[in-house]
Every structure is written in structure tokens, then in C-alpha cells.
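So the structure is just underneath, and the comments pick up after that.
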Amino acid sequence: MQPPAATVFVVDDDEGVRNSLRLLLKSVGIASRTMASAKEFLDAYKPNQPGCLVLDVRMPGMSGIELQQQLNLRGAVIPVIFITGHGDIPMAVEAMQQGAFDFLQKPFRDQDLIDRTQRALVRDSRSRAALAQRARILERLESLTPREREVMGLMIRGMPNKVMAAELGVSQRTVEIHRARVMEKSDAASLAQLVRMVIDVESRAEG
Amino acid sequence: MKIGRDDKTPPEIATAEATAAGDPTAALHGRLLNVSRMATIGEMAAGIAHELNQPLTAISNYASACERLLARPGADLADVREALQQIRAQTTRAANTIRQLRALTEGEQAPRARVDISDLVAELNDLLRTNAHGVQLSLDLAPELPSVTVDTGQVQHVILNFVRNSLEAFVTRPTANPCIEIRTRLTAAQEVELAVTDNGPGLADQARERLFHPFFSTKLRGTGLGLAISSSIARAHGGSVGYRPNPGGGACFFILLPAQTPE
């Protein structure tokens, strides 16, 4: 299935600002959707929609920072570029601490906005590719039987077959068969790659 | 709207400079008035900076978009035309903000004018909304009120002061669906009343008695001057200010001004 095309979401309560941003992005060939409130965005947001978010920090109702918190709670990967007004630096700092991709202070240079938006779109596409890769690995590792998983755990700790056989109370030959299955099912080219796959998946589970 | 100049300014509202040599109380009042109005303006300045930054940002974006669109072969002129119209609209918007700010600061030395108090509220509308930050602001302005003869800057200062008190009450005690209503009407005693009502926490009984005394404040960082100055502005206009609890909960501050008989 073809993934949906990347879209820049512009969320700003000021009609003049958001429409001007849409035209500015259009002038360099970037498609965008404008929204007047954080709520409007959350209602329309789909996690599988690639793109980035250009977000006014200060809005009536749910603020930009609160929207970011909501997205963080949902585990969203969409990069957020904050637009802050004069004197909103403490808010910008808070946004960055909460994982914002970048921020711009109004009035900003158009090129800065375009550059950052393009970088955010690259970041989004990379993190989505990484997520998809992890999902594929996870799927492969989940196809292992409990015994094979046990063997894999000992493999990545570098345990020799002989020791493993004693540990599991089976023959070395059986250990070798399990090992081969693990390598085959995980599609890892080497033990080093298997180790990296497991670390990848585990870091995702923690994060 | 009917605005006429009234040159027969009563002596008690003469400016601080004029009275400094004579009545020391009047001189103090004049100075306090300046300080307090500047404080209000200072607090509003952040809102005004924001209100000017918005159209400037939009104008800058539209202009850049035009340059980029025109640089492309076969540019879509409809987009460019739309952007240019928007630039003009945003310029008007910025100019309006500046006009309001000027109207507010020029009130300082202004002679009294015969005005409809509802018009004074309407002039403040954008400024108030900019500073409302999520508080719903509604206006209930009586049409065809008798006019009042006032220093417009001073009376607008009183209105701003009332609204600011309500906004600060919401900050101290957050309220679900915070609302402020500004209402004008003619009372049975033929006085023009402007009332600012909120659905905030209201005031404790013991606070009400000293509310309009100088240096009395229920606020954490209040100077205790806002309502005292509002009160002296009202008195200087032959009127008064007062407080009544809002029947549905919350506070209601009002200023009463003598209605002018029609010319």
C-alpha cells in the first residue's frame, strides 16, 4: 500500500499568519493543511500520516505546548516546529526540552522556515523508515518459539554451544539446530547483526 | 456617533501640571493617574507587540511567497494577486492596532468630549480581546444611550482597569468557561452605567468595604491604586464607581456617569 504523501500541518489561531504560511510553503512546492486550533488538529491527526507540524506556541484553548504533550502521550513521531512570539523564549525552551524539532521566533526569515520544514520532513521520513524496520524485525523475532528465543538470549550473550547445551540440558547438536533456526527466522547475516537487531527492538520497547 | 468638544472643562479635572502648584492632593492624584495608566499600558504592551507581530509575519510570508511564485516559469498569478490583497488587509489591521494605541495614550491631555459610552467600549474591543487569553468576552451595549461628557482616555482607563481585575481574578482562581461581560445601560436615575461582570470568584465581604481605598488590594502584586484611581476619575466626572456581587456568582464593577440632556 502506498503511504499517504507527506503534509505540513500549520496550526495557528491567526488566520492571516496561517494562510500566509500555506502560500509560502506552496511557493516552494510543499503541500500543507492549515488548522485554527490544537483541537482541530488532534481530531484530524492520524499517526500514519507522514509530515511535520508547524505550531503556534500561544493559542487560546489548548496551547501549542499542551498539544505537544498530547502528541508525546500518544507516542507520535511527527516532528514539531514551534513558532513563538516576542518574549516567548521560556516557552520555546520548554518545547525543546519536550522534544520539539525546532523553533522560530516571529517575525522569522522565510528561508529559515522553509529550511526547517524541509529538514523536519526528512527527519519524519527517516524516523518512519526506522520504525517500519523495527516493526519488521519484531515480527521476525516474534516468530521464534520460546525455546529458540531462550537460545537467542544466550547467543547474544556470547555463550559457546557447549556451555549452552549444559545450561539447557540438551545435546550440542540440538543447540546447533536451534541456533540455525534463530539465524534463519531472524534473517540476520551474522551474530553481530542479530545483536544489533535485538538492541534496536529493545531500545524501542523502552522508549 | 456624536462627538463634540466641550471647552467648559470643570476645574476639578484639570491636569496634573495645572494643579501641581495649588492643591497637593489633586497633584498627587494626577501623578498617580499617570503611573497607573502607564502600568496598564505597560501590561497591554506585550499584547500590542503580539498584535503587531502577527500582521507583520503574515505580510512578510506573503511577500516572500510572491517573489518565489513569480520566479517560477508560468507563475500562477491568481495566487500572487490573492497574496497582494492579503498584504493590504494585514497592513490595515496593523494600522488599526496603532490607531487604538494612539487613541489610548493621547487621552492624557485630551479635553472632554461628548460621546456615547458604548462607542468607547467598541473602540477598546480589539485591545481587550487580544488580552483576553481564552476568557470569553461579550458586549451588551445599549443602543442610543444619552451621551456623556468625558475625558475619553480616562474613562477607557477605568474600563481597562475593571477588565484587568476580572482577568487577574481568573488567573488567581481558575474558572471553568471564564466569561466577562461589558454592559451599558441607562439607570432609573438617568445615569449612564457601564458594568463589567465576570463569573470568577467574586470578592469576600470584608474586602468590599475598603475596595476603593488607595493602597488596598486583594491581589498578590496589586498596587491598590487601580480602583482608587477609577473612583477619583468617576468623581471628577460627577459620577461614581461601585461594586455589587454578580447574582450568578462572580464580581460586577460599574461606573455611573451623569447623562447629558439632549441638545
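The values are calculated or read from the model by the stated rules, or taken from the named source; none is laboratory data. Because the structure is a prediction, the values reported are computed rather than measured. Cβ sites come from the backbone with ideal geometry, for glycine too, and all protein chains shown count toward neighbours. Note: areas computed on protein heavy atoms with side chains; ligands, DNA, RNA excluded. Shrake-Rupley method; radii C 1.70, N 1.55, O 1.52, S 1.80 Å.
Below, the figures for the structure above:
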item: Charge dipole of segment A:39-138 about the Cα centre (unit charges at C-beta), most positive-ward option of A:83, A:130, A:42; result: A:130
item: Magnitude of the charge dipole, segment A:28-121, Cβ model with Lys/Arg +1 and Asp/Glu -1, debye to 20; result: 180
item: Cα-Cα pairs of chain A separated by more than 20 Å (percent); result: 64
item: For segment A:161-207, alpha-carbon Rg and Dmax in angstrom; result: 12.9, 38
item: Neighbour net charge for residue A:123 - beta-carbon separation under 12 angstrom, K R +1, D E -1; result: +2
item: Given charges at beta-carbon only (K, R positive; D, E negative), |dipole| of chain A in Debye; result: 820
item: Whole-Hz ³J(HN,Hα) from phi, Karplus 6.51 cos²θ - 1.76 cosθ + 1.60, for segment A:165-174, glycine and proline x; result: 4, 5, 4, 8, x, 10, 7, 4, 4, 4
item: B:141, A:55, reordered so the largest accessible area comes first (probe 1.4 Å); result: B:141, A:55
item: Net +/- balance of residues flanking residue A:32 in space, Cβ distance below 12 Å, scoring K and R +1, D and E -1; result: +3
item: Amide hydrogen neighbours beyond the local backbone of residue A:7, cut-off 5 Å, H modeled; result: A:51, A:52
item: Directionally averaged projected area (convex hull, Cα atoms, segment A:44-108), nm²; result: 4.5
item: Descending semi-axes in whole angstrom, ellipsoid equivalent of segment A:1-46, from the Cα gyration tensor; result: 19, 17, 4
